[in-house]
1. Where a ≥ b ≥ c are the square roots of the eigenvalues of the C-alpha gyration tensor, would you call the stretch 1-47 rounded, which needs a/c under 1.5, or, failing that, prolate if a/b is larger than b/c, or oblate?
2. Size of the dipole of the chain about the Cα centre, Lys and Arg at +1 and Asp and Glu at -1 on the beta carbon, nothing else charged, in debye to 20?
3. Do the alpha carbons of any pairs in LYS107/LYS257; LYS70/LYS212; LYS22/LYS42; LYS153/LYS257; LYS20/LYS212 sit beyond 22 Å of each other, and which pairs?
4. With a/c under 1.5 counting as rounded, go ahead and sort the stretch 139-269 into rounded, prolate or oblate using the C-alpha gyration tensor (a ≥ b ≥ c being the square roots of the eigenvalues; past the cut-off, prolate if a/b is larger than b/c, else oblate).
5. With a point put 7 Å past each Cα toward its Cβ, work out how far LYS197 is from ASP175 in nm, to one decimal.
6. Per residue, how big is the convex hull around the C-alpha atoms of the stretch 177-252? Give it to me in cubic angstrom, could you?
7. With a point put 7 Å past each Cα toward its Cβ, work out how far LYS73 is from SER112 in nm, to one decimal.
8. If you average the C-alpha positions of the stretch 168-244 and of the stretch 60-105 separately, how far apart do those two centres end up, in angstrom?
Amino acid sequence: MNDISINALNKNSYCLLFNKDKVLSKKILGGSRFPSISEVEKLDINVSNIIYIGTLNEDDYYAANVLTEKIIKDLFFRHIGEMYGEIDENMFLLTLRALHFINWLNKNKYCSCCGNKIQIKPKETNIKCSNCGHIIYPRITPAIIVAILKDDKILLARSPHFPPKLYSLISGHLDPGEFVETCVRREVKEEVGINIKNIRYFGSHPWPFPNKIMIGFIAEYSSGEIEIDNNEIEAADWFPLDDLPHIPDYNLSFARKIIDSLLEVRKNK
Ligand SMILES: [Zn+2]
């Protein structure tokens, strides 16, 4: 399924090798970097799904899959979240983009129209089926995330899938035909039973776990009592902004970015 061979790529290009959510990197003074193509060639590992993901600082970057997770010489597989702060912001965003492409390729081996095996072309980030011409774009799933304020308190909730004691913001997926603002109201009503008002856009963030774009909002409580759905949410409550429970604690979290911005505004009041 891959028309790209590692050996045919510019030796000075770089490659992000993924094993699930972990990526191979090398520690350098003051941070980390990804291996060059010539370094990847020297590794005795099978590489698949090689795809061009972009050019940064005049260097081409590719992403690919590997099945091993062993430590290779001075290269280490680390969760993508651990790379935050180890590489600069643009490189980190490129890493998120790379993971998104790899997740997509892993689940799209055949054309959805004719069943033909798909083939990746060099420097193309969508795939045109060589049999029927159908163009396959990477899937991007929009999801909302919202911080709800009531006086000096914030509504935080727990999903049954969260680590113990961790609380975060309400989030959910956009339905077909739905306005994003309607989705925010619906998800809040469904998951915690309250009505909200004054919904304001905060910002967005790529979230390739596996293929989302997170669209962030801040809203105010309007009416109703908390009533959790006991399915997606197992606990929810109002927490004083100066006495929060355990919230996502590493900087990859977009929820944490929204909460931190609210704390910053509060501090400057
Ligand atoms: Zn096809």
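Read-outs throughout are calculated quantities, based only on the coordinates presented, and are distinct from any laboratory measurement. This one's a predicted model, so the numbers in the text were calculated from it and none came from an experiment. We place every Cβ from the backbone using ideal geometry, glycine too, and count neighbours over all the protein chains shown.
1. oblate
2. Details: 33 positive and 35 negative charges, 168 e Å.
Result for the chain is approximately 800 debye, rounded to the nearest 20.
3. Values: LYS107/LYS257 30 Å; LYS70/LYS212 29 Å; LYS22/LYS42 20 Å; LYS153/LYS257 17 Å; LYS20/LYS212 16 Å.
The pairs that break the limit, which is 22 Å between Cα atoms, are LYS107/LYS257; LYS70/LYS212.
4. On the way: a/c = 1.26, a/b = 1.15, b/c = 1.09.
Rounded, because the longest to shortest axis ratio a/c is under 1.5.
5. 2.5 nm
6. On the way: hull volume 10.7 nm³, N = 76.
Per-residue hull volume (Cα only) is 141 Å³.
7. That separation, rounded to one decimal, is 4.1 nm.
8. After rounding, the separation between the Cα centres reads 29 Å.
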